[in-house]
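The values are calculated or read from the model by the stated rules, or taken from the named source; none is laboratory data. Predicted model, so just to flag it, every value in this text is computed and none were measured. All Cβ positions, glycine included, derive from the backbone under ideal geometry; neighbour counts span all protein chains shown.
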Amino acid sequence: MVVLTHDVDPRGDLVVVLKEPNSKNLTLDVSIRPSGTVLGKEGYQNDKDVLNLPKAKSILSAVEASDKEPVEVHFKVSSQHMKLASPFFERMLNGQWSESIFSKAPSTPPSRAGPGSLEPYTEIFDDAYERFPPRSATCTSSSPLPTREVNAHGWSPDALLLVLKVIHGMNDEFPLVISVEFLAEVAAIVDYYQCQRALQLAGEVWHQTMYRFPLAYGKRCILWLFIAWAFGWKDDFSKLASFVIEHGEGLELIKSNELSVTVILGTLDNKRQECITKILTRLDELEDELGDDRAGCDHRCSSMLLGSLLRERKNLPLLDPVLQSPYKGYSVYEYAKKISAFRVMDWGYIGWGQPTTAHGCTIIALMQPLLKAIDDDIKNFDISKSG
(Lines give C-alpha, C1' and ligand atoms only; values in the text may rest on other atoms or scores of the structure.)
Protein backbone atom coordinates (compact mmCIF):
# COMPACT_ATOMS: atom_id res chain seq x y z
CA MET A 1 0.00 0.00 0.00
CA VAL A 2 1.13 3.54 -0.80
CA VAL A 3 0.51 6.05 2.00
CA LEU A 4 0.75 9.80 1.48
CA THR A 5 0.72 11.97 4.59
CA HIS A 6 0.05 15.61 5.33
CA ASP A 7 0.28 17.45 8.64
CA VAL A 8 -2.52 20.00 8.74
CA ASP A 9 -1.80 20.32 12.46
CA PRO A 10 1.65 18.90 13.37
CA ARG A 11 0.58 18.66 17.01
CA GLY A 12 -2.76 17.13 16.19
CA ASP A 13 -4.21 14.13 17.98
CA LEU A 14 -6.34 12.84 15.12
CA VAL A 15 -5.52 11.27 11.76
CA VAL A 16 -8.14 11.34 9.03
CA VAL A 17 -7.42 8.32 6.85
CA LEU A 18 -8.73 8.83 3.33
CA LYS A 19 -9.23 5.44 1.71
CA GLU A 20 -9.76 4.94 -2.01
CA PRO A 21 -9.18 8.62 -2.87
CA ASN A 22 -11.05 9.97 -5.88
CA SER A 23 -13.27 6.89 -6.06
CA LYS A 24 -16.48 8.87 -5.52
CA ASN A 25 -18.02 9.84 -8.82
CA LEU A 26 -19.10 13.42 -8.18
CA THR A 27 -19.35 14.33 -11.85
CA LEU A 28 -22.61 15.51 -13.34
CA ASP A 29 -23.94 14.59 -16.77
CA VAL A 30 -26.74 16.68 -18.23
CA SER A 31 -28.31 16.12 -21.64
CA ILE A 32 -29.54 19.27 -23.36
CA ARG A 33 -31.23 20.04 -26.66
CA PRO A 34 -29.13 21.83 -29.25
CA SER A 35 -30.50 25.22 -30.17
CA GLY A 36 -33.30 24.94 -32.72
CA THR A 37 -34.23 21.34 -31.88
CA VAL A 38 -37.97 20.62 -31.89
CA LEU A 39 -39.36 20.15 -28.40
CA GLY A 40 -39.82 16.56 -27.31
CA LYS A 41 -37.84 15.11 -30.20
CA GLU A 42 -34.79 12.97 -29.56
CA GLY A 43 -31.42 14.43 -30.38
CA TYR A 44 -30.17 15.47 -26.98
CA GLN A 45 -26.46 15.87 -26.51
CA ASN A 46 -24.26 15.87 -23.43
CA ASP A 47 -23.60 19.33 -22.05
CA LYS A 48 -19.92 19.93 -22.80
CA ASP A 49 -19.55 23.13 -20.80
CA VAL A 50 -15.94 23.32 -19.55
CA LEU A 51 -16.04 23.54 -15.76
CA ASN A 52 -12.67 22.06 -14.73
CA LEU A 53 -10.50 25.15 -15.24
CA PRO A 54 -8.19 26.32 -13.79
CA LYS A 55 -6.48 22.97 -13.39
CA ALA A 56 -5.02 21.97 -10.05
CA LYS A 57 -1.99 19.85 -9.24
CA SER A 58 -3.04 16.92 -7.10
CA ILE A 59 -1.58 15.36 -3.98
CA LEU A 60 -1.76 12.10 -5.88
CA SER A 61 0.73 13.37 -8.46
CA ALA A 62 3.35 12.00 -6.07
CA VAL A 63 2.14 8.51 -6.96
CA GLU A 64 3.36 7.07 -10.22
CA ALA A 65 0.56 6.51 -12.70
CA SER A 66 1.77 2.96 -13.33
CA ASP A 67 1.63 2.09 -9.62
CA LYS A 68 -1.26 -0.31 -9.05
CA GLU A 69 -0.93 -0.47 -5.27
CA PRO A 70 -3.83 0.83 -3.15
CA VAL A 71 -3.38 4.41 -1.99
CA GLU A 72 -4.31 6.04 1.30
CA VAL A 73 -3.88 9.68 2.26
CA HIS A 74 -3.42 10.48 5.97
CA PHE A 75 -4.18 13.95 7.32
CA LYS A 76 -3.02 14.83 10.83
CA VAL A 77 -5.51 17.25 12.39
CA SER A 78 -6.78 18.57 15.71
CA SER A 79 -9.78 16.69 17.06
CA GLN A 80 -10.97 19.83 18.85
CA HIS A 81 -10.99 21.82 15.62
CA MET A 82 -12.86 19.01 13.88
CA LYS A 83 -15.48 18.70 16.62
CA LEU A 84 -16.08 22.44 16.71
CA ALA A 85 -16.37 22.64 12.93
CA SER A 86 -18.44 19.53 12.24
CA PRO A 87 -21.37 18.01 14.17
CA PHE A 88 -20.59 14.85 12.20
CA PHE A 89 -17.09 14.62 13.68
CA GLU A 90 -18.38 15.60 17.11
CA ARG A 91 -20.77 12.66 17.14
CA MET A 92 -18.11 10.35 15.78
CA LEU A 93 -15.35 11.33 18.21
CA ASN A 94 -17.60 11.51 21.26
CA GLY A 95 -19.23 8.19 20.48
CA GLN A 96 -18.16 4.65 19.74
CA TRP A 97 -18.31 4.69 15.98
CA SER A 98 -16.44 1.92 14.21
CA GLU A 99 -14.72 4.50 12.00
CA SER A 100 -12.78 5.74 15.04
CA ILE A 101 -9.75 3.87 16.36
CA PHE A 102 -7.34 4.83 19.14
CA SER A 103 -3.64 4.16 18.96
CA LYS A 104 -0.83 5.23 21.29
CA ALA A 105 1.22 6.54 18.41
CA PRO A 106 0.58 7.30 14.77
CA SER A 107 0.31 3.95 13.08
CA THR A 108 1.26 5.34 9.70
CA PRO A 109 2.74 2.91 7.18
CA PRO A 110 5.88 4.04 5.34
CA SER A 111 5.26 6.73 2.78
CA ARG A 112 6.94 7.64 -0.47
CA ALA A 113 9.18 10.06 1.44
CA GLY A 114 10.84 7.26 3.40
CA PRO A 115 10.23 4.94 6.35
CA GLY A 116 8.36 6.59 9.21
CA SER A 117 8.23 9.97 7.47
CA LEU A 118 5.16 12.18 7.56
CA GLU A 119 6.46 14.61 4.96
CA PRO A 120 3.50 16.58 3.66
CA TYR A 121 2.53 17.02 0.05
CA THR A 122 1.47 20.63 0.01
CA GLU A 123 1.76 21.81 -3.58
CA ILE A 124 -1.81 21.26 -4.60
CA PHE A 125 -2.49 24.20 -6.81
CA ASP A 126 -0.66 25.16 -9.96
CA ASP A 127 0.93 28.50 -10.76
CA ALA A 128 -2.44 30.03 -11.55
CA TYR A 129 -3.10 30.15 -7.83
CA GLU A 130 -1.60 32.46 -5.26
CA ARG A 131 0.25 30.24 -2.78
CA PHE A 132 1.61 30.85 0.67
CA PRO A 133 4.25 28.87 2.61
CA PRO A 134 2.61 25.73 4.05
CA ARG A 135 2.18 25.35 7.77
CA SER A 136 3.33 21.78 8.26
CA ALA A 137 5.98 19.82 10.06
CA THR A 138 7.31 16.34 10.37
CA CYS A 139 6.40 14.00 13.17
CA THR A 140 7.92 10.78 14.40
CA SER A 141 6.52 7.70 16.05
CA SER A 142 7.91 8.93 19.38
CA SER A 143 5.13 11.51 19.67
CA PRO A 144 3.85 11.46 23.25
CA LEU A 145 0.25 12.20 22.28
CA PRO A 146 -2.14 9.32 21.66
CA THR A 147 -3.52 9.47 18.16
CA ARG A 148 -6.99 8.55 17.03
CA GLU A 149 -7.83 7.57 13.48
CA VAL A 150 -11.05 8.12 11.60
CA ASN A 151 -11.76 6.85 8.12
CA ALA A 152 -13.07 8.74 5.14
CA HIS A 153 -13.82 7.16 1.78
CA GLY A 154 -13.65 8.23 -1.81
CA TRP A 155 -13.25 12.00 -1.56
CA SER A 156 -10.89 14.09 -3.63
CA PRO A 157 -7.78 14.37 -1.41
CA ASP A 158 -7.19 17.90 -2.66
CA ALA A 159 -10.71 19.02 -1.80
CA LEU A 160 -10.52 17.34 1.61
CA LEU A 161 -7.16 18.97 2.37
CA LEU A 162 -8.56 22.36 1.44
CA VAL A 163 -11.54 21.88 3.77
CA LEU A 164 -9.27 20.74 6.61
CA LYS A 165 -6.98 23.75 6.15
CA VAL A 166 -9.87 26.18 6.38
CA ILE A 167 -11.24 24.39 9.46
CA HIS A 168 -7.82 24.84 11.09
CA GLY A 169 -7.77 28.57 10.35
CA MET A 170 -5.30 28.53 7.46
CA ASN A 171 -7.31 31.08 5.53
CA ASP A 172 -4.18 32.42 3.84
CA GLU A 173 -3.60 29.09 2.12
CA PHE A 174 -6.77 28.64 0.10
CA PRO A 175 -6.91 29.86 -3.52
CA LEU A 176 -9.21 32.69 -4.46
CA VAL A 177 -10.28 31.03 -7.70
CA ILE A 178 -10.79 27.33 -8.36
CA SER A 179 -12.75 25.43 -10.97
CA VAL A 180 -16.51 25.02 -10.57
CA GLU A 181 -16.14 21.23 -10.57
CA PHE A 182 -13.51 21.38 -7.83
CA LEU A 183 -15.69 23.73 -5.80
CA ALA A 184 -18.52 21.21 -6.15
CA GLU A 185 -16.20 18.54 -4.70
CA VAL A 186 -15.44 20.86 -1.79
CA ALA A 187 -19.17 21.53 -1.39
CA ALA A 188 -19.88 17.79 -1.28
CA ILE A 189 -17.49 17.44 1.67
CA VAL A 190 -18.96 20.50 3.40
CA ASP A 191 -22.45 19.07 2.97
CA TYR A 192 -21.53 15.55 4.12
CA TYR A 193 -19.61 16.61 7.23
CA GLN A 194 -22.01 19.47 8.04
CA CYS A 195 -19.23 22.05 8.35
CA GLN A 196 -20.97 24.90 6.56
CA ARG A 197 -20.32 27.44 9.33
CA ALA A 198 -16.60 26.69 9.42
CA LEU A 199 -16.36 27.23 5.64
CA GLN A 200 -18.61 30.29 5.58
CA LEU A 201 -15.82 32.84 5.06
CA ALA A 202 -14.12 30.78 2.35
CA GLY A 203 -17.48 30.26 0.69
CA GLU A 204 -18.14 33.99 0.63
CA VAL A 205 -14.74 34.60 -0.97
CA TRP A 206 -15.47 32.08 -3.74
CA HIS A 207 -18.94 33.54 -4.15
CA GLN A 208 -17.46 36.98 -4.76
CA THR A 209 -14.65 35.86 -7.07
CA MET A 210 -16.37 33.08 -9.01
CA TYR A 211 -20.16 33.10 -8.95
CA ARG A 212 -22.12 34.45 -11.89
CA PHE A 213 -25.73 33.51 -12.52
CA PRO A 214 -25.82 30.94 -15.36
CA LEU A 215 -26.97 32.19 -18.73
CA ALA A 216 -28.57 28.89 -19.71
CA TYR A 217 -29.89 25.68 -18.22
CA GLY A 218 -27.36 22.84 -18.02
CA LYS A 219 -24.53 21.35 -16.01
CA ARG A 220 -23.15 24.69 -14.81
CA CYS A 221 -26.54 25.74 -13.50
CA ILE A 222 -27.07 22.51 -11.54
CA LEU A 223 -23.57 22.50 -10.06
CA TRP A 224 -24.06 26.05 -8.80
CA LEU A 225 -27.43 24.99 -7.41
CA PHE A 226 -25.71 22.28 -5.35
CA ILE A 227 -22.86 24.59 -4.30
CA ALA A 228 -25.34 27.26 -3.16
CA TRP A 229 -27.24 24.62 -1.17
CA ALA A 230 -24.10 23.28 0.51
CA PHE A 231 -22.74 26.71 1.47
CA GLY A 232 -26.10 28.13 2.50
CA TRP A 233 -26.39 30.90 -0.10
CA LYS A 234 -30.15 31.18 0.36
CA ASP A 235 -30.93 33.95 -2.14
CA ASP A 236 -28.80 32.43 -4.88
CA PHE A 237 -30.19 28.96 -4.22
CA SER A 238 -33.75 30.28 -4.44
CA LYS A 239 -33.09 31.98 -7.79
CA LEU A 240 -31.28 28.94 -9.19
CA ALA A 241 -34.05 26.62 -7.99
CA SER A 242 -36.66 28.77 -9.76
CA PHE A 243 -34.53 28.74 -12.91
CA VAL A 244 -34.26 24.93 -12.83
CA ILE A 245 -38.02 24.55 -12.32
CA GLU A 246 -38.74 26.86 -15.24
CA HIS A 247 -36.15 25.55 -17.69
CA GLY A 248 -35.58 21.94 -16.62
CA GLU A 249 -36.77 19.19 -18.95
CA GLY A 250 -36.89 16.14 -16.70
CA LEU A 251 -34.78 14.00 -14.38
CA GLU A 252 -34.22 11.41 -17.10
CA LEU A 253 -31.85 13.86 -18.75
CA ILE A 254 -29.68 14.27 -15.63
CA LYS A 255 -27.20 11.73 -14.26
CA SER A 256 -26.01 12.97 -10.87
CA ASN A 257 -23.96 9.86 -10.01
CA GLU A 258 -22.82 10.22 -6.36
CA LEU A 259 -23.31 13.96 -6.09
CA SER A 260 -25.94 14.43 -3.38
CA VAL A 261 -28.18 16.66 -5.44
CA THR A 262 -30.73 14.01 -6.45
CA VAL A 263 -33.30 14.79 -3.76
CA ILE A 264 -33.13 18.52 -4.51
CA LEU A 265 -33.57 17.94 -8.24
CA GLY A 266 -36.44 15.54 -7.57
CA THR A 267 -38.30 18.17 -5.57
CA LEU A 268 -37.75 20.81 -8.25
CA ASP A 269 -38.81 18.45 -11.02
CA ASN A 270 -42.01 17.61 -9.18
CA LYS A 271 -42.76 21.33 -9.20
CA ARG A 272 -41.98 21.51 -12.93
CA GLN A 273 -44.43 18.68 -13.62
CA GLU A 274 -47.06 20.32 -11.42
CA CYS A 275 -46.79 23.57 -13.38
CA ILE A 276 -47.02 21.86 -16.76
CA THR A 277 -50.02 19.83 -15.58
CA LYS A 278 -51.77 23.06 -14.56
CA ILE A 279 -51.19 24.55 -18.02
CA LEU A 280 -52.51 21.49 -19.83
CA THR A 281 -55.47 21.17 -17.48
CA ARG A 282 -56.39 24.81 -18.03
CA LEU A 283 -56.25 24.37 -21.81
CA ASP A 284 -58.64 21.42 -21.52
CA GLU A 285 -60.94 23.41 -19.23
CA LEU A 286 -60.88 26.37 -21.59
CA GLU A 287 -61.79 24.12 -24.51
CA ASP A 288 -64.82 22.83 -22.59
CA GLU A 289 -65.83 26.32 -21.43
CA LEU A 290 -65.71 27.70 -24.98
CA GLY A 291 -67.67 24.71 -26.26
CA ASP A 292 -70.40 25.34 -23.67
CA ASP A 293 -70.42 29.13 -24.14
CA ARG A 294 -69.08 29.58 -20.59
CA ALA A 295 -66.13 31.62 -21.84
CA GLY A 296 -66.05 34.44 -24.33
CA CYS A 297 -68.43 37.35 -24.79
CA ASP A 298 -71.16 35.47 -26.63
CA HIS A 299 -71.72 32.48 -28.89
CA ARG A 300 -69.91 34.02 -31.83
CA CYS A 301 -66.91 34.93 -29.67
CA SER A 302 -66.79 31.47 -28.09
CA SER A 303 -67.00 29.79 -31.49
CA MET A 304 -64.16 31.86 -32.94
CA LEU A 305 -61.95 31.30 -29.90
CA LEU A 306 -62.69 27.57 -29.77
CA GLY A 307 -61.73 27.17 -33.40
CA SER A 308 -58.55 29.15 -32.84
CA LEU A 309 -57.63 27.08 -29.76
CA LEU A 310 -58.19 23.76 -31.54
CA ARG A 311 -56.08 24.84 -34.51
CA GLU A 312 -53.23 26.08 -32.31
CA ARG A 313 -53.18 22.88 -30.25
CA LYS A 314 -53.15 20.77 -33.38
CA ASN A 315 -50.25 22.71 -34.86
CA LEU A 316 -48.08 22.38 -31.76
CA PRO A 317 -46.61 18.94 -31.00
CA LEU A 318 -46.35 19.73 -27.29
CA LEU A 319 -50.13 20.22 -27.02
CA ASP A 320 -51.65 17.62 -29.34
CA PRO A 321 -51.72 14.87 -28.29
CA VAL A 322 -51.53 15.93 -24.67
CA LEU A 323 -48.49 14.41 -22.98
CA GLN A 324 -48.48 12.59 -19.69
CA SER A 325 -46.23 13.21 -16.71
CA PRO A 326 -43.18 13.33 -16.32
CA TYR A 327 -43.11 15.37 -19.58
CA LYS A 328 -39.58 14.41 -20.56
CA GLY A 329 -38.04 16.99 -22.85
CA TYR A 330 -40.49 19.78 -22.03
CA SER A 331 -40.01 22.81 -19.83
CA VAL A 332 -42.48 25.19 -18.21
CA TYR A 333 -40.77 28.03 -20.03
CA GLU A 334 -41.34 26.48 -23.46
CA TYR A 335 -45.00 25.73 -22.74
CA ALA A 336 -45.64 29.30 -21.63
CA LYS A 337 -43.67 30.66 -24.58
CA LYS A 338 -45.66 28.63 -27.12
CA ILE A 339 -49.00 29.63 -25.63
CA SER A 340 -48.00 33.30 -25.56
CA ALA A 341 -47.20 32.94 -29.27
CA PHE A 342 -50.71 31.73 -30.19
CA ARG A 343 -51.84 33.60 -33.28
CA VAL A 344 -54.45 36.30 -32.76
CA MET A 345 -57.19 36.55 -35.38
CA ASP A 346 -58.38 39.98 -36.42
CA TRP A 347 -62.13 39.88 -36.50
CA GLY A 348 -65.04 41.97 -35.31
CA TYR A 349 -68.73 42.77 -35.58
CA ILE A 350 -70.27 44.63 -38.52
CA GLY A 351 -73.33 46.66 -37.53
CA TRP A 352 -75.87 48.13 -39.89
CA GLY A 353 -74.55 51.51 -40.83
CA GLN A 354 -71.77 51.24 -38.24
CA PRO A 355 -68.00 50.71 -38.76
CA THR A 356 -66.42 47.36 -37.99
CA THR A 357 -65.58 46.94 -34.28
CA ALA A 358 -62.46 44.87 -33.58
CA HIS A 359 -62.91 42.12 -31.00
CA GLY A 360 -60.45 41.99 -28.11
CA CYS A 361 -60.95 38.47 -26.70
CA THR A 362 -58.00 36.10 -27.30
CA ILE A 363 -56.80 32.72 -26.05
CA ILE A 364 -53.67 34.42 -24.74
CA ALA A 365 -55.77 36.80 -22.63
CA LEU A 366 -57.80 33.91 -21.21
CA MET A 367 -54.63 31.95 -20.32
CA GLN A 368 -52.68 34.91 -18.96
CA PRO A 369 -54.00 34.78 -15.36
CA LEU A 370 -52.83 31.19 -14.98
CA LEU A 371 -49.45 31.84 -16.60
CA LYS A 372 -48.93 34.82 -14.30
CA ALA A 373 -49.87 32.74 -11.26
CA ILE A 374 -47.46 29.97 -12.28
CA ASP A 375 -44.65 32.46 -12.85
CA ASP A 376 -45.20 33.95 -9.38
CA ASP A 377 -45.40 30.48 -7.84
CA ILE A 378 -42.06 29.50 -9.38
CA LYS A 379 -40.33 32.71 -8.31
CA ASN A 380 -41.58 32.32 -4.73
CA PHE A 381 -40.95 28.58 -4.47
CA ASP A 382 -39.49 27.57 -1.10
CA ILE A 383 -37.98 24.09 -1.11
CA SER A 384 -38.09 23.93 2.68
CA LYS A 385 -41.89 24.10 2.57
CA SER A 386 -42.34 21.49 -0.15
CA GLY A 387 -43.79 18.15 0.81
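At a glance:
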{"read-out": "Unique match (being part of a helix (DSSP H, G or I) and at pLDDT below 95) among Leu283, Leu265", "value": "Leu283"}
{"read-out": "Test result for Tyr193, touching a residue at least 24 places away in the same chain (Cβ under 8 Å), surrounded by fewer than 20 Cβ atoms within 10 Å (Cβ to Cβ) and hydroxyl-bearing (Ser, Thr, Tyr)", "value": "no"}
{"read-out": "Only one of Asp235, Asp158 that is outside the structural domain of Ser23 (by TED's automatic domain parsing), outside any loop (DSSP other than H, G, I, E, B) and more than 30 Å from Tyr44 (Cβ to Cβ)", "value": "Asp235"}
{"read-out": "Restricting the stretch 270-301 to residues that are touching a residue at least 40 places away in the same chain (Cβ under 8 Å) and of a type in the set (S, T, N, Q), the residue that is surrounded by the fewest Cβ atoms within 10 Å (Cβ to Cβ)", "value": "Thr277"}
{"read-out": "Residue that is surrounded by the most Cβ atoms within 10 Å (Cβ to Cβ), among those in the stretch 203-252 that are aliphatic (A, V, I, L, M) and out of contact with any Leu (no Cβ under 8 Å at 6 or more places or on another chain)", "value": "Ala230"}
{"read-out": "Residue check for Trp206: without any contact (Cβ under 8 Å) to a residue 40 or more places away in the chain and touching a His at 6+ places or on another chain (Cβ under 8 Å)", "value": "no"}
{"read-out": "Filter result (surrounded by fewer than 19 Cβ atoms within 10 Å (Cβ to Cβ), outside any loop (DSSP other than H, G, I, E, B) and modelled with pLDDT of 95 or more) within the stretch 18-45", "value": "Lys19, Asp29, Ser31"}
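Residues are listed down the side, and each one gets a yes or a no for (1) at pLDDT below 85; (2) out of contact with any helix residue (DSSP H, G or I) (no Cβ under 8 Å at 6 or more places or on another chain); (3) surrounded by 13 or more Cβ atoms within 10 Å (Cβ to Cβ); (4) of a type in the set (Phe, Trp, Tyr):
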residue	(1), (2), (3), (4)
Met304	no, yes, yes, no
Glu312	no, no, yes, no
Leu319	yes, no, yes, no
Lys328	no, no, yes, no
Val332	no, no, yes, no
Lys338	no, yes, yes, no
Cys361	no, no, yes, no
Lys372	no, yes, no, no
